[in-house]
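A short write-up of the structure that comes next.
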Amino acid sequence: MTGLHGRSFLKELDLAPAEWTGLLDLAAELKAAKRAGTETQRLRGKNIALVFAKTSTRTRAAFEVAAYDQGAHVTFLDPTASQLGHKESVKDTARVLGRMYDAIEFRGEAQADVETLAAHAGVPVLNGLTDDWHPTQMLADHLTMREHAPVVDGRRKADAELVLAYVGDGRNNTARSVLVAGALLGLDVRVVAPVPLQPAADVVAAARQVAARTGARLAVTDDVAAGVAGADFVYTDVWVSMGEPPAVWAERIALLRDYQVNAGLMAATGNPAAKLLHCLPAYHDLGTAVGREVHAQTGMDALEVTDEVFEAHAEVIFDQAENRMHTIKAVLVATLA
């Protein structure tokens, strides 16, 4: 992984396919070492700034635990704890933090912000999420797929043999990243979304350029049955992304009601062993304020995935959540150790 040392981790398109698979291999090694109690701390003396302009559960916890496991120290800066974008420009903040820290994680809205940090910090900048891309999530997804890949005739399916169908809003950061990262790994990737919510043409074109090198098979369709047919993994995400106004719920539900991941959709895969992926949080019941509010307005007791399907696949989904930490640790080790 020396090819990533000192480099920023901003979006999937910045990595070569071998670098992407190398991170997955490293993450698997680090996960095994942690569980065996044999982990070696490679980041002692390193200091990492965690800049969060958007709230988080998994990303913050994953970065903090990963850093602590490796002997590094972190400083958490939320929107009230720094002047980023308020009284100080992103460029100037980058030059300040870059003189004090060995790396900067950023989770916020604009991809331009994380790119500006990387251009001026002088240290690796790591994208914890922007409105455009979610690369650390994709590493966790792919590690989970490797771990839960189906076994056929005594042999676990290889990456390039796996079929992944993303169902829902195809324009959001997760869907964009699913398409491009899937191309890096050589998967058969389908984005299943109504036409108004399909990924932008430039994203599809960029993914197809990667696929031409890796042999990945990519498709974008509004046909649910065709899109999920033969899938090993069905992936869904919330229908309204963080930062979008509540007013879009009614329109989004009208567009996506037929794309809910329910028992019928899972059966449409034709694969009884098909598994569900979800990057969380999930509106599968009435355990959230948003879920209760939407239920009061629409009568729907679940949104992007039913509670029945979610709970049937909870083991995989929470393995996926745990793997955020192991894969983020791989990014830290690869860029800083």
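Of note:
- When residue 110 is tested against (1) small (Gly, Ala, Ser); (2) without any contact (Cβ under 8 Å) to a residue 24 or more places away in the chain; (3) out of contact with any Asp or Glu (no Cβ under 9 Å at 6 or more places or on another chain), exactly one condition is not met: (3).
- Only one entry in 140, 175, 149, 119 is in a helix (DSSP H, G or I), surrounded by fewer than 24 Cβ atoms within 10 Å (Cβ to Cβ) and among the hydrophobic types (A, V, I, L, M, F, W, C), namely 119.
- Residues that are in contact with a helix residue (DSSP H, G or I) (Cβ under 6 Å, 6 or more places away or on another chain) and either surrounded by fewer than 21 Cβ atoms within 10 Å (Cβ to Cβ) or acidic (Asp, Glu) (or both) within region 235-247 comprise just one, 237.
The rows are residues; the columns are (1) touching a residue at least 24 places away in the same chain (Cβ under 8 Å); (2) over 30 Å from residue 73 (Cβ atoms).
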| site | (1), (2) |
| --- | --- |
| 287 | no, yes |
| 294 | yes, yes |
| 301 | no, yes |
| 308 | yes, yes |
| 317 | yes, yes |
| 333 | yes, no |
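- Among the residues of region 1-48, just one is in contact with a His (Cβ under 6 Å, 6 or more places away or on another chain) and among the charged types (D, E, K, R), namely 31.
- Qualifying residue in region 49-60 (condition: out of contact with any Phe, Trp or Tyr (no Cβ under 8 Å at 6 or more places or on another chain) and without any contact (Cβ under 8 Å) to a residue 24 or more places away in the chain): no
- Index of the failed condition, residue 95 passing every other in (1) more than 23 Å from the chain's Cα centre (by Cα); (2) charged (D, E, K, R); (3) at pLDDT below 95: (3)
- Only one of the listed residues (232, 222, 258, 188) is loosely packed, with under 14 Cβ neighbours inside 10 Å, among the acidic types (Asp, Glu), at negative phi and not assigned by TED's automatic domain parsing to the domain that holds residue 10. That residue is 258.
- Scanning region 174-193 for residues being within 14 Å of residue 221 (Cα to Cα) and in contact with a strand residue (DSSP E or B) (Cβ under 7 Å, 6 or more places away or on another chain) gives a total of 7.
- Qualifying residue in region 84-98 (condition: in a loop (DSSP other than H, G, I, E, B) and on the phi > 0 side of the Ramachandran plot): yes
- Scanning region 186-211 for residues that are in a loop (DSSP other than H, G, I, E, B) and either aliphatic (A, V, I, L, M) or under 21 Å from residue 162 (Cβ atoms) (or both) turns up 186, 187, 193, 199, 200.
- Residue satisfying condition, being at pLDDT below 95, of a type in the set (S, T, N, Q) and out of contact with any Leu (no Cβ under 8 Å at 6 or more places or on another chain), within set 41, 83: 83
- Of all residues making up region 61-107, the number that are of a type in the set (Val, Ile, Thr) and touching a residue at least 60 places away in the same chain (Cβ under 8 Å): 1
- Number of residues in region 250-262 that are farther than 14 Å from residue 194 by Cβ and either touching a helix residue (DSSP H, G or I) at 6+ places or on another chain (Cβ under 6 Å) or not in a helix (DSSP H, G or I) (or both): the value is 2.
- Residue selected from region 205-233 under the condition among the β-branched types (Val, Ile, Thr) and under 19 Å from residue 17 (Cβ atoms), by the criterion nearest to the chain's Cα centre (by Cα): 210
The values are calculated or read from the model by the stated rules, or taken from the named source; none is laboratory data. None of the values given here were measured: they were computed from a predicted structure. We place every Cβ from the backbone using ideal geometry, glycine too, and count neighbours over all the protein chains shown.
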